[in-house]
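Since every read-out is calculated from the coordinates, none of them should be taken as a lab result. What you see is a predicted model, and the numbers here were worked out from it, not measured in a lab. Reconstructed Cβ throughout: ideal geometry from the backbone, glycine too, with neighbour counts over all protein chains shown.
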Amino acid sequence: MRQPRHPPRATSRRGLEHRERHELRRGRRRAPLLEAAIAASRVTGDPLDRTSVREVRRPDSDDDRLRGCVAGNGHSSSLIEILDDIVLKCYVTTVKLVVQVKLQPSTEQMSLLTATMRRANEVCDWLSDKAWDAQVFRQFALHKLVYCDARAAFPDLSSQMIVRATAKVADAYKLDKKTKRSFRPLGSIAYDARILSWKNNTANLWTLSGRQVIPFVYGEHQRVLLEYERGETNLVLRNSKFYLFVSVDVPDTEKKTVLGWLGVDVGIVNIATTSDGDNFSGTHLNNLRARANRLRRRLQKKGTKSAKRLLHKRRIKESRFSTHVNHCISKQIVATAERTSRGIALENLDGIRSRTRASRSQRRVLHSWAFNDLQAKISYKATRAGIPICHVDPRNTSRECRVCGHTEKANRKTRDVFACLSCGHTADADVNAARVIASRAHVVAPYADRGEVVVSHGLDLQNSAILWRS
Ligand SMILES: [Zn+2]
């Protein structure tokens, strides 16, 4: 049991409450936590001192440490339990996921929704004009400036529609204020609880001629997710079908304690390689992409209307396939990590575009969203399963030797073969990179200093050169 470094001074509750108010005024503390801690102490009758409060306040407060600290101060076990509970309740974080459901409107409702969409985007354009003229881009300021005029100019729209449109326009100017924004006539429009309600398998949406009850369909996965609290929803028209994109707050699963890390190297030739040596080849996908690119070039040259239509269709098809592949791969990787009680280590790819100098042919692949998308899918699936994710420094992962740490460009003999110039260790280049990533997570991750045995995959590092297939 760990004792606090400085024995805490016992303080009267009044003194603490005074201090609490003081800190609250200065915006230094989390009011609900202290509130809860004080309430807990009232229930149990235990004295509450600064240390226990401070410990509860720490977002990264470790359960054992908290327990040790509080118990060491002579608190009863029920207070400890309540404090534990507070920590859990106050730091429940959520993942935002978007659930897609398909609306099944009647023909009339279909034209109503289309008309509503057009009108809502018209008001967005109108608002964008006003915002640009006045150079006012923040939502609240813009609202103040234009709300009354907008209500007068668009009397057929509900007030909440105008509020949502203002938010959309303000959001569009967030990236930069150098160009005037305009909106696609059938671009998505936002709904919130005031203009949209749910009942069983129907959504009640505001349209130009009043509320419409529209049935929708979804899959089993979506059904589970829709049980959680629903946030803002977008109405989207895609391929002449209407969808609702519902954002839901899914509470995090409690993080599991991990015994090691599964390193994942994302790449071009191999979409993903794990430190276990599992390989998800991108050959098929890359061939399809190359074919799509050839076709795209040909169609772009042609430039006719039907060519453009086909181009659009192909693009959607391509991205659908890519999404599917990334879902499959991320699912398998997360399942492996879960089965073997490991966390997942990924390269921190922020800013990879500016840092990497890829060859001309590889640049397109590197800049495609699929790269980031795979990591995002791994991350959210892992979070839902309570598996920790560690983002490590991506520098030189392909040049560092996993066994001796020697880093040199020439270590990587060809794209596929890694051969260390210092110790002679040879391995598949991607597998070596994935293992380097896993080993970096050991250093970065908080579990390393707990004295747990951190062996990433049950292999002895000294003999790894013999065990690993090259
Ligand atoms: Zn080496």
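Summary table
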quantity: Order of 248, 217 - criterion: other Cβ atoms within 10 Å of each residue's Cβ, fewest first; calculated: 217, 248
quantity: Residue order, fewest to most surrounding Cβ atoms within 10 angstrom, among 156, 129, 373; calculated: 156, 129, 373
quantity: Span from the region 305-348 Cα centroid across to the region 96-156 one, whole angstrom; calculated: 32
quantity: Cα pair distances of region 223-270 binned at 5 Å [whole percent]; calculated: 5, 14, 12, 12, 11, 12, 20, 11, 4, 1
quantity: Packing-based exposure ordering (other Cβ within 10 Å, fewest first) of 122, 318; calculated: 122, 318
quantity: Sites residue 177 and residue 413 - FRET efficiency at Förster radius 41 Å, r taken between beta-carbons, to 0.05; calculated: 0.25
quantity: Over region 90-247 - Rg/Rh using Cα atoms and the Kirkwood inverse-distance radius; calculated: 0.99
quantity: Lysines whose Cα lies under 27 Å from that of residue 199, excluding same-chain neighbours fewer than 8 positions away; calculated: 96, 102, 168, 241
quantity: Sequence-distant lysines (8 or more away, or on other chains) whose Cα lies within less than 26 Å of residue 301; calculated: 313, 317
quantity: Extension gain, residue 209 back to residue 229 (0.36 nm per residue minus Cα-Cα distance, nm); calculated: 4.4 nm
quantity: Length released on extending from residue 100 to residue 323, taking residue separation times 0.36 nm less the Cα-Cα span; calculated: 78.9 nm
quantity: Environment charge of residue 267, counting only residues whose C-beta is closer than 12 Å and scoring Lys/Arg +1, Asp/Glu -1; calculated: -4
